[in-house]
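The values are calculated or read from the model by the stated rules, or taken from the named source; none is laboratory data. Quick caveat: nothing in here was measured; it's all calculated off a predicted structure. With ideal geometry, Cβ positions are generated from the backbone for all residues, glycine too; neighbour counts draw on all protein chains shown.
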Amino acid sequence: MSRITVQPIRIATASEDETGLLVLIDRRLAAVLTRLDAACHGEARGRWFVETGFGPCAAPPPEPHHRLSEALRWIADRMGEAASLAEAELHQIERRFGVLPD
């Protein structure tokens with residue numbers, strides 16, 4: 001079974017949206033997520049946007065994800081049954097990036 005990991009990175013977006021995550025499947029880049037922090041995003045502010053995806057994640061979803069866990073689940077779903085992300089891992093990742101589950 002494949003393993004999903006995330007690595008924080010700052011993204012040069014020329015806006016306040018610099019908080020990013022590299023999402024890796026077995027140490028191979030699957031997607032880049034950006035948190036929408038700029039006020040210009042209105043209601044989407046704080047959501048997670050799939051900046052770019054690779055392979056099965058190449059066609060990003062039409063809307064940003066409300067929560068980081070939703071974005072990671074979307075990536076895992078696209079990668080198929082081979083990708084794994086336990087609920088405990090989701091909680092730990094959201095905690096690390098300041099977004100706690102409901």
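Can you run down the residue pairs with Cβ atoms below 6 Å, 6 or more apart or on separate chains, where the first is in region 1-30 and without any contact (Cβ under 8 Å) to a residue 12 or more places away in the chain and the partner is surrounded by 11 or more Cβ atoms within 10 Å (Cβ to Cβ)?
R10/E18
If you take the residues of region 55-74 that are hydrophobic (A, V, I, L, M, F, W, C) and surrounded by 14 or more Cβ atoms within 10 Å (Cβ to Cβ), which of them is farthest from the chain's Cα centre (by Cα)?
C57
Tell me, which strands (runs of 3 or more DSSP E) lie completely within region 1-53 with 1 or more residues that are at pLDDT below 90 and buried (at least 16 other Cβ atoms within 10 Å of the Cβ)?
Where strands (runs of 3 or more DSSP E) fall fully within region 1-53 and carry at least 1 residues being at pLDDT below 90 and buried (at least 16 other Cβ atoms within 10 Å of the Cβ), they are 4-10, 19-25.
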